[in-house]
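In what follows, a single structure is set out as structure tokens and then discussed.
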């Protein structure tokens with residue numbers, strides 16, 4: 001990911017997209033995964049981001065398999081009940097990339113018959 005002015009930028013293919021979830025306090029969140037090639041073009045990488053409270057609608061109209069550029073920042077919080085730290089990549093802007101060329105095949109998420117899905121959607 002490119003880092004500029006405290007924001008992270010990455011261009012890739014929208015690989016998975018979750019439903020918008022709304023919680024009791026009117027907090028909304030929508031998680032999604034992008035897939036991209038890295039230093040070694042034969043390898044593919046994925047990572048999860050989220051949009052919250054207004055940003056979750058940035059994905060409206062964007063379909064799985066489309067090329068997108070994401071602007072995001074790292075957000076962290078410590079949960080006092082167990083003393084662990086958690087980090088999120090929070091998207092603040094998503095734009096379609098019409099001219100992005102990548103040889104990335106979008107497939108169903110990898111699943112083992114004996115493992116549980118670790119994605120929340």
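The values are calculated or read from the model by the stated rules, or taken from the named source; none is laboratory data. Only a predicted model underlies this, so the values are computations on that prediction, with no experimental measurement involved. Positions of Cβ are generated from backbone atoms using ideal geometry, with glycine treated the same way; all protein chains shown enter the neighbour counts.
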Candidates 60, 26, filtered to the one that is over 29 Å from residue 5 (Cα atoms) and either modelled with pLDDT under 90 or surrounded by 13 or more Cβ atoms within 10 Å (Cβ to Cβ) (or both): 26
Test: residue in segment 88-97 that is closer than 17 Å to residue 12 by Cα, out of contact with any strand residue (DSSP E or B) (no Cβ under 6 Å at 6 or more places or on another chain), modelled with pLDDT of 75 or more and not in a strand (DSSP E or B): no
